[in-house]
Amino acid sequence: MTTSHHTAPLDSQFRMTHTFHLSLGADQPAAGQLESTLKSSAARIDKWLILRRGGSYEHSITVDGIGEAAARTLRKAFASLNSEIKVHVEHMLHFDRA
C-alpha cells in the first residue's frame with residue numbers, strides 16, 4: 001500500500017482491519033481452502049468464527065495487515081473458489097492510542 005503525504009500522520013494513529021462474511025453450503029470449499037487463500041494474501045487472521053445454519057456455513061473472518069485494495073482482491077479470490085459463495089467485506093478503522 002502506498003502512503004501519500006496527506007495520510008501519513010494518520011498511519012500512526014489508526015489501524016485498519018477487514019471482516020469477511022462468507023456464506024457457503026456444506027458441500028462447498030472447506031475452511032482449509034479459505035485458509036490457504038488467506039495465507040497467499042499475507043493477511044494476519046485476527047478472529048475466525050464459523051456458524052452452521054441448516055445446510056450452510058457462515059464464516060466471519062477478521063484480518064489485519066492488508067489495505068483496502070488487497071481486501072478487495074482477497075474478496076474476489078474467495079468468490080472465485082466457487083460461484084455459490086457469497087462474500088461481503090467490511091473495512092474498519094481502529095483508533096490506536098500510542
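The values are calculated or read from the model by the stated rules, or taken from the named source; none is laboratory data. Note that the structure is predicted; figures quoted are calculated from it, not measured. A quick note on method: Cβ atoms are made from the backbone with ideal geometry, for glycine too, and the neighbour counts reach across all protein chains shown.
How about the range 63-98: which of its residues are of a type in the set (D, E, K, R), farther than 12 Å from Leu22 by Cα and out of contact with any Asp or Glu (no Cβ under 9 Å at 6 or more places or on another chain)? Within the range 63-98, Glu68, Arg72, Asp96, Arg97 meet the criteria. Filtered by the rule that a residue be closer than 15 Å to Ala31 by Cβ and either at pLDDT below 90 or out of contact with any Lys or Arg (no Cβ under 9 Å at 6 or more places or on another chain) (or both), the range 46-76 gives Lys47, Trp48, Leu49, Ile50, Leu51, Arg52, Ser56, Tyr57, His59. Note on the range 77-96: residues that are in contact with a Lys or Arg (Cβ under 6 Å, 6 or more places away or on another chain), surrounded by fewer than 12 Cβ atoms within 10 Å (Cβ to Cβ) and under 19 Å from Ala30 (Cβ atoms) total 0. Only residues that are touching a residue at least 40 places away in the same chain (Cβ under 8 Å), more than 23 Å from Arg15 (Cβ to Cβ) and assigned to a strand (DSSP E or B) were counted across the range 37-89, and they come to 1.
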